[in-house]
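Colleague: Dumping the structure here so I can ask a few things about it.
We did not get these values from a lab; they are worked out from the coordinates using the rules stated. Here the structure is a predicted model, which is why all the values come from computation and not from measurement. Note that we place each Cβ from the backbone using ideal geometry, even for glycine, and neighbour counts take in every protein chain shown.
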Amino acid sequence: MKQLIGKTVCICCLALWMAACGEKEDLPRFAVISDMHFGREGASEKVPHALKHLLKRQPAIDALFVVGDLCNSGKQAEWDECISVLNDTTVIPGNVAVYCMIAGIGHDMESREIAGQYYMDLLKQPAHQYVDIKGYPFITISGIGGTSNSGDYDTGARDYLAGKMADAAQRYPGKPIFVFIHEPPLNTCYGSLAHEGWGTDFFLPVLNRYPQAIVFSGHSHFPLADPRSIHQDVFTAVNDGSTTYSEVEAGLLGIGIHPENSERVTEGIIVNVLPGGDVEMERWDTWRNEEILPRWTVRAPHDGSRFAYKNRDGLPAPVFAADAQLTGRLENDGTYLIAFPQASDNEVVHHYRLELLENDRVVYSFGKFSQFYLNSEMPSELAERLAGLPYGKTLTPQVVAVDSYFNCPEPLKGKPFTTPSYTPDAKARRPAAALLDVEFGEDGARDISPQKNPVRTGPVAPEIRPDGASLKAAAVFTGDTVSYYAVDYQAHPEIEAAFAQGYTLETLYSPRQAGHFSPFGFLAAGGGAVIEQLPDGKIRYRMRIGGRTRTVNCPVIVQPGQYCHVVCTYEPGKAVMYVNGAKVGEWNGGTDKTTSLPLNGADRRITVGGNTAVHGMADMPLSGEVITARMYDRPLTHDEAYLLYRDVKF
């Protein structure tokens with residue numbers, strides 16, 4: 001362990017004397033990692049591999065900071081393995097001081113019943129530390145508090161940080177203050193934005209007073225190669241990556257948080273304090289033992305006046321080479337195989353939008369990461385098989401490159417192609433909705449299924465658009481939480497049985513504007529399912545299965561004013577979505593087969609024009625029209641879903 005703060009005056013005097021005598025100033029050089037997750041498959045090989053690559057770099061490292069999530073579930077066996085590696089001098093040289101933080105309940109702490117200090121005792125370190133390394137202040141914060149609204153940090157941790165920051169600012173004027181907290185400060189570096197779900201505002205009242213603060217955090221597992229991993233505004237925030245696997249923004253591309261080859265990403269940072277006071281950061285890909293360039297530099301004086309990573313826009317946009325070509329091939333199974341070379345960017349191309357156009361309108365969009373996080377192993381060309389294509393349409397493919405700041409060049413276009421038509425089995429028949437079939441008319445809404453369920457309105461009854469030349473009558477919703485139709489199913493044995501045994505939802509709707517809304521749903525706290533449309537126009541099907549929310553995403557884009565036919569099925573262990581007769585997405589849950597109902601009986605209602613919400617309101621209310629809202633007592637087949645779509649007139 002390095003000398004504590006009480007020795008600072010002597011160390012500072014020694015540094016001044018050495019500088020006066022013309023000797024080279026001895027400055028800190030330290031490494032930062034996080035998210036080792038001992039107990040997770042592969043961690044016992046990945047972490048030592050990463051540490052050996054990181055700590056063998058020269059000049060020698062003074063200290064290693066491990067910023068939380070040392071273990072995967074906080075079990076004793078995981079801690080034993082973690083401590084064994086931390087004490088192994090073949091992995092971490094004996095002259096390298098190691099400072100560890102724990103992240104709190106979940107990964108590092110198995111339960112709140114065991115006091116957080118117990119885990120720090122395993123490490124033989126205090127929960128929070130304030131140390132001096134070669135005349136510079138370092139503050140570490142652990143999450144052992146447990147009950148605050150900000151993860152596992154309590155007011156004691158914040159008070160500790162406030163006191164030590166004030167002391168460091170006084171003792172070390174003009175110098176950076178290095179701070180280490182597992183959860184990133186909210187809305188700062190990559191992985192901390194509110195919609196990403198990893199950041200915390202708990203320490204911002206303290207940090208916002210100190211432009212000299214350089215805050216290192218993990219938690220998100222977001223890759224270091226993204227330039228947003230360093231952020232400067234009031235202070236400097238740095239994402240330190242992960243030593244076991246990478247994650248990316250949830251929901252950005254509709255393909256989950258673990259992109260291709262995410263298990264082949266282990267990373268860490270080496271920090272150098274330079275003569276003159278600048279702080280230089282080396283980003284290391286420890287899987288491939290290569291540095292990610294360029295290096296980052298936080299320039300002195302550390303008062304915010306020379307922030308180089310503030311208000312960045314990422315321009316210029318990515319660009320495809322002049323001879324780049326998009327190629328495609330329609331496969332026998334109706335999918336379209338698309339291939340294209342990577343674009344180039346002044347930093348990184350973050351991802352691509354693979355789009356299909358009909359009459360110059362985007363009707364299909366699939367996201368694909370560039371795999372920038374693989375660094376030298378990032379493929380020079382990408383390929384993807386696009387499924388769930390509309391039947392019998394002439395489409396034009398295009399690829400849009402997107403950088404980390406969402407700058408886009410002109411798309412790279414391919415040649416038009418025509419999709420095959422779909423022919424259902426001759427024996428297939430259009431099914432009848434056994435549980436719910438809402439029909440709209442002059443008198444409002446009624447259920448014409450055999451159940452004859454009472455259909456009631458919210459506090460404000462929706463308007464009814466009468467039959468048109470080609471369209472059936474529709475309910476018109478204004479996007480207001482009080483305007484909807486509802487069917488209560490509490491103590492309704494047929495509907496409740498279908499939730500467990502299998503069912504199908506069908507809707508035909510049209511949005512009036514972009515936004516996040518639901519035409520038909522009953523997902524509330526504890527259970528249910530919902531069909532929803534996201535702000536980018538894509539449709540999503542969510543359901544509560546096995547105690548978790550499961551999702552089927554869809555590449556089809558619905559534009560305002562456009563009608564869309566959606567069929568979503570569920571059977572134990574499997575869920576499928578069909579849009580306009582085509583299968584567009586599937587979830588296979590394996591052993592997760594238990595559905596659940598909302599915890600509150602009053603929330604057990606099916607909502608048309610929104611999703612079920614507490615207090616008798618509609619969640620995600622629709623601004624638009626609904627023509628069809630049906631529920632079947634079994635999962636329909638592809639043929640049956642297609643026949644329902646074929647009979648729709650729009």
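Colleague: If you wrap segment 241-308's Cα atoms in a convex hull and average its projection over all directions, what's the area in nm²?
Modeller: Working: hull surface 24.6 nm².
Its Cα hull, projected and averaged over all orientations, spans 6.1 nm².
Colleague: Karplus couplings for segment 122-129 from phi (6.51 cos²θ - 1.76 cosθ + 1.60, θ = phi - 60°), rounded to Hz, Gly and Pro as x?
Modeller: Once θ is set to phi - 60°, the couplings for segment 122-129 become 4, 8, 6, 9, x, 5, 10, 9 Hz.
Colleague: In addition: Which is farthest toward the positive dipole end of segment 63-152 among Ile133, Trp79, Tyr99, measuring Cα position about the Cα centre, with Cβ charges +1 (Lys, Arg) and -1 (Asp, Glu)?
Modeller: Ile133
Colleague: Relative to a virtual label point 7 Å from the Cα of Lys593 in the Cα→beta-carbon direction, which members of segment 491-514 show backbone nitrogen distances below 16 Å?
Modeller: Counting only backbone N, you get 498-503.
Colleague: Based on the Cβ-Cβ distance from Arg446 to Ser470, what FRET efficiency comes out when R0 is 25 Å, to the nearest 0.05? Write out the running numbers ahead of the final one.
Modeller: Numbers: r = 22 Å, r/R0 = 0.90.
My answer for the efficiency is 0.65.
Colleague: While we're here: Mind listing the Cα extents of segment 560-625 along all three principal axes, in Å, largest one first?
Modeller: So the extents along the principal axes, rounded to whole Å, are 36, 35, 12.
Colleague: In units of 2.2 N^0.38 Å, what is the alpha-carbon radius of gyration of segment 321-462?
Modeller: Details: Rg = 22.5 Å, N = 142, 2.2 N^0.38 = 14.5 Å.
Taking N as the residue count of segment 321-462, the ratio is 1.56.
Colleague: What does the charge count near Thr507 come to, summing +1 for each Lys or Arg and -1 for each Asp or Glu among other residues with Cβ under 15 Å from its Cβ?
Modeller: Details: positive: Lys472, Arg540, Arg542, Arg630; negative: Asp437, Glu439, Asp447, Glu506, Glu532, Glu625, Asp647.
Around Thr507, the surrounding residues sum to -3.
Colleague: Just tell me which aspartates and glutamates come within less than 14 Å, Cα to Cα, of Lys427; anything on the same chain fewer than 8 places away is out.
Modeller: Asp639, Glu640
Colleague: Enter the angle in degrees (range 0 to 90, nearest 10) between the Cα long axis of helix 155-171 and the first principal axis of the Cα atoms of the chain, meaning the one along which they spread out most.
Modeller: Helix 155-171 and the main axis of the chain meet at about 40 degrees.
Colleague: Using the per-residue mean of other Cβ atoms lying within 10 Å as a proxy for protection, in what order, highest first, do the peptides 64-76, 556-568 fall? Write down the numbers at each step before the final one.
Modeller: Details: 64-76: 22.8, 556-568: 20.2.
Order by mean packing, descending: 64-76, 556-568.
Colleague: Another one. How much mean residue ellipticity at 222 nm does the chain get from its helices, if each DSSP H run of length 4 or more adds -39500 (n - 2.57) and you divide by all residues, to the nearest 500 deg cm²/dmol? Please report the intermediate quantities before stating the final value.
Modeller: On the way: 8 runs with 84 residues, N = 650.
Rounded to the nearest 500, the figure is -4000 deg cm²/dmol.
Colleague: Moving to a separate point now. Quick one: net charge around Ala383, please, counting Lys, Arg +1 and Asp, Glu -1 for every other residue with C-beta under 13 Å from its C-beta. Please report the intermediate quantities before stating the final value.
Modeller: On the way: positive: Arg329, Lys368, Arg385; negative: Glu260, Glu331, Glu381, Glu384.
For residues surrounding Ala383, the net value is -1.
Colleague: Could you state the number of Å between the C-alpha centres of segment 123-184 and segment 217-294?
Modeller: The two parts, judged by their Cα centres, are 21 Å apart.
Colleague: Which FRET efficiency value, to the nearest 0.05, is calculated for Ala321 and Asn95 with the Förster distance at 30 angstrom and r the Cβ-Cβ distance?
Modeller: Working: r = 49 Å, r/R0 = 1.63.
After rounding to 0.05, the efficiency reads 0.05.
Colleague: Still on this structure: Starting from the 7 Å offset along Cα-to-Cβ, what nm value, one decimal, do you get for the label separation of Cys408 and Asp333?
Modeller: In this crude spin-label approximation the distance works out to 2.8 nm.
Colleague: Here is the link list: Lys415/Lys538; Lys393/Lys415; Lys393/Lys583. Which ones come out longer than 18 Å on Cα distance? Before the final figure, lay out the partial values.
Modeller: Details: Lys415/Lys538 24 Å; Lys393/Lys415 14 Å; Lys393/Lys583 15 Å.
Violating the 18 Å Cα-Cα cut-off are Lys415/Lys538.
Colleague: Let me ask you something else. Can you give the extra length, in nm with one decimal, that the chain gains between Ala428 and Ser73 once fully stretched, where that is 0.36 nm per residue apart less the Cα-Cα distance?
Modeller: Details: separation 355, 0.36 × 355 = 127.80 nm, distance 4.97 nm.
Taking 0.36 nm per residue and subtracting the Cα distance, the gain is 122.8 nm.
Colleague: Determine which lysines satisfy two conditions relative to Lys124: a Cα distance under 22 Å, and not lying fewer than 8 residues away in the same chain.
Modeller: Lys2, Lys7, Lys75, Lys164
Colleague: Another question, then. Within the chain, what percent of beta bridges assigned by DSSP are antiparallel, to the nearest 5?
Modeller: Here the antiparallel bridges make up roughly 85 percent for the chain.
Colleague: Moving to a separate point now. With a 10 Å radius around each residue's Cβ, average the other Cβ atoms per peptide and rank 275-282, 262-269, 522-529, 611-618, highest first.
Modeller: Per-residue mean Cβ counts within 10 Å order the peptides as 262-269, 522-529, 611-618, 275-282.
Colleague: Still on this structure, I have one more. What does the chain give for Rg and for Dmax, in Å, if only its C-alpha atoms count?
Modeller: Both quantities, over Cα of the chain: 28.4, 95 Å.
Colleague: Multiply the residue gap between Asp88 and Asp536 by 0.36 nm, knock off their C-alpha separation, and tell me the result in nm, one decimal place.
Modeller: Here the segment from Asp88 to Asp536 would lengthen by 156.3 nm.
Colleague: Another question, if that's okay. Which of the aspartates and glutamates could be linked to Lys310 by a straight reach, that is with a Cα gap under 14 Å, when you skip same-chain ones fewer than 8 residues away?
Modeller: Those aspartates and glutamates meeting the cut-off are Asp233.
Colleague: I would also like to ask the following. Binning at 5 Å from 0, report for segment 527-650 what percent of all alpha-carbon pair distances ends up in each bin.
Modeller: 2, 10, 20, 23, 22, 15, 7, 1, 0
Colleague: Ranked highest first by average number of other Cβ atoms within 10 Å, how do 582-591, 234-243, 85-94 line up? Numbers along the way, then the final one.
Modeller: On the way: 582-591: 16.0, 234-243: 27.9, 85-94: 13.4.
By packing density, highest mean first, the sequence is 234-243, 582-591, 85-94.
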